[in-house]
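Visitor: Below you will find the structure I want to go over with you.
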């Protein structure tokens with residue numbers, strides 16, 4: 001009866017080591033395996049994979065089309081000192097996982113990263129309506145006025 005206790009403890013230890021050594025990559029993901037902080041391997045195929053526990057860690061990246069959307073429009077002041085509300089969204093897909101990891105310097109992309117670049121572009125430019133927008137609006141008003149007079 002005394003031999004069962006150490007056997008159960010050894011079995012639990014083995015299960016914990018195996019669960020820490022195995023990981024799965026989903027078909028919508030790629031994985032980077034790091035060994036002591038450096039990229040060791042890129043896994044692009046889905047399935048069950050092995051890593052050395054405590055020496056290697058894994059980071060997963062979604063390979064689908066990702067989107068960034070502001071919850072509220074951002075307010076900018078242009079070079080003409082006019083306030084502008086900007087409602088923006090960005091869609092992207094990660095093609096090369098290693099290059100993406102290097103370009104974001106290992107940090108996770110957060111909500112505050114994208115609008116900062118837009119601010120400089122908006123502040124430098126002038127806000128103009130699209131070509132022909134005024135003409136189309138005048139035509140639409142004129143046509144609407146005719147329809148009301150003719151009883152349409």
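The values are calculated or read from the model by the stated rules, or taken from the named source; none is laboratory data. Please read all numbers here as calculations on a predicted model, not as lab measurements. Positions of Cβ are generated from backbone atoms using ideal geometry, with glycine treated the same way; all protein chains shown enter the neighbour counts.
Visitor: Please work out which residue is farthest from residue 64 (Cα to Cα), limiting yourself to region 14-30 and to residues that are out of contact with any helix residue (DSSP H, G or I) (no Cβ under 8 Å at 6 or more places or on another chain) and in a strand (DSSP E or B).
Guide: Among residues in region 14-30 that are out of contact with any helix residue (DSSP H, G or I) (no Cβ under 8 Å at 6 or more places or on another chain) and in a strand (DSSP E or B), the one farthest from residue 64 (Cα to Cα) is 22.
Visitor: Search region 88-106 for residues being touching a strand residue (DSSP E or B) at 6+ places or on another chain (Cβ under 8 Å) and at pLDDT below 80, and hand back the single one that is nearest to residue 60 (Cα to Cα).
Guide: 89
Visitor: Does residue 40 qualify as being within 23 Å of residue 99 (Cβ to Cβ), touching a strand residue (DSSP E or B) at 6+ places or on another chain (Cβ under 9 Å), at pLDDT 90 or above and assigned to a strand (DSSP E or B)?
Guide: yes
Visitor: Does region 59-67 contain any residue that is surrounded by 14 or more Cβ atoms within 10 Å (Cβ to Cβ), outside any strand (DSSP E or B) and within 28 Å of the chain's Cα centre (by Cα)?
Guide: yes
Visitor: Would a scan of region 56-70 turn up a residue that is modelled with pLDDT under 85 and in contact with a helix residue (DSSP H, G or I) (Cβ under 8 Å, 6 or more places away or on another chain)?
Guide: Yes, region 56-70 contains a residue that is modelled with pLDDT under 85 and in contact with a helix residue (DSSP H, G or I) (Cβ under 8 Å, 6 or more places away or on another chain).
Visitor: Further question on the same structure: Which of the residues belonging to region 43-58 are out of contact with any strand residue (DSSP E or B) (no Cβ under 9 Å at 6 or more places or on another chain) and exposed (fewer than 12 other Cβ atoms within 10 Å of the Cβ)?
Guide: 54
Visitor: When the residues of region 71-97 are narrowed to those that are surrounded by 12 or more Cβ atoms within 10 Å (Cβ to Cβ) and under 15 Å from the mean Cα position of the chain (by Cα), which ends up nearest to residue 37 (Cα to Cα)? So that I can check it myself, show each step before the final result.
Guide: Here is the first cut: in region 71-97, the ones surrounded by 12 or more Cβ atoms within 10 Å (Cβ to Cβ) are 74, 76-78, 84, 86, 88, 90, 92, 94, 97.
Still in the list and also under 15 Å from the mean Cα position of the chain (by Cα): 88, 90, 92, 94, 97.
Numbers: 88: 35, 90: 30, 92: 26, 94: 21, 97: 16 Å.
Out of the qualifying residues, it is 97.
Visitor: Sticking with this one: Kindly establish whether residue 53 is over 18 Å from residue 106 (Cα atoms) and in contact with a helix residue (DSSP H, G or I) (Cβ under 8 Å, 6 or more places away or on another chain).
Guide: yes
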